[in-house]
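The numbers here are math on the coordinates, done by the rules we state, and not lab data. Quick caveat: nothing in here was measured; it's all calculated off a predicted structure. Note that each Cβ is placed from the backbone with ideal geometry, even for glycine, and that neighbours are counted across all protein chains shown.
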Amino acid sequence: QVQVVESGGGLVQPGGSLRLSCEASGVIFSLVDMGWYRQAPGKQRELVATITTGRITNYADSVKGRFTISRDNAKKTVYLQMNSLKPEDTAVYYCNMHRRSVDYWGQGTQVTVSS
């Protein structure tokens with residue numbers, strides 16, 4: 001089946017780092033665009049970062065310079081390296097895959113930044 005699964009979330013102190021992973025199944029991974037989104041308590045889901053098949057990246061202004069999105073086509077996995085984390089980064093992070101004009105979403109992984 002076609003699906004994506006996130007992992008790597010957890011509890012971290014302000015200023016710390018986390019690395020999220022998202023593995024895709026049932027696709028030719030090198031032919032799909034990928035992205036990370038997040039939804040904080042009481043807020044709507046927002047785009048965090050995207051990466052195209054050609055490895056062109058885009059970031060939300062709020063994470064630019066702190067987060068890095070990358071992909072490993074052999075492992076069919078996209079990563080989100082998060083550094084200098086702030087309490088405002090606390091959210092459920094979702095992986096997105098755009099395939100044949102359809103969006104596929106993972107179940108989400110919780111990231112909590114707190115002292």
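General remarks:
- Each residue of the stretch 95-107 was assigned a 3J(HN,Hα) from its phi angle through the Karplus expression (A = 6.51, B = -1.76, C = 1.60, θ = phi - 60°), giving 8, 10, 10, 9, 9, 6, 6, 10, 8, 10, 10, x, 7 Hz with x at Gly and Pro.
- Separation of alpha-carbon centers, the stretch 1-31 and the stretch 57-109, rounded to whole Å: 7
- Farthest toward positive dipole pole in the chain [+1 Lys/Arg, -1 Asp/Glu at C-beta], among Gly108, Ser84, Val2: Val2
- Lys/Arg +1, Asp/Glu -1 at C-beta; the chain dipole; positive extreme among Thr68, Val12, Val48: Thr68
- Set of aspartates and glutamates near Lys76 by C-alpha distance (under 14 Å), chain-local residues within fewer than 8 positions excluded: Glu6, Glu23, Asp33
- Using the Stokes-Einstein relation with a Kirkwood hydrodynamic radius computed over Cα pairs, the translational diffusion coefficient of the chain at 10 °C and a viscosity of 1.306 mPa s comes to 113 µm²/s.
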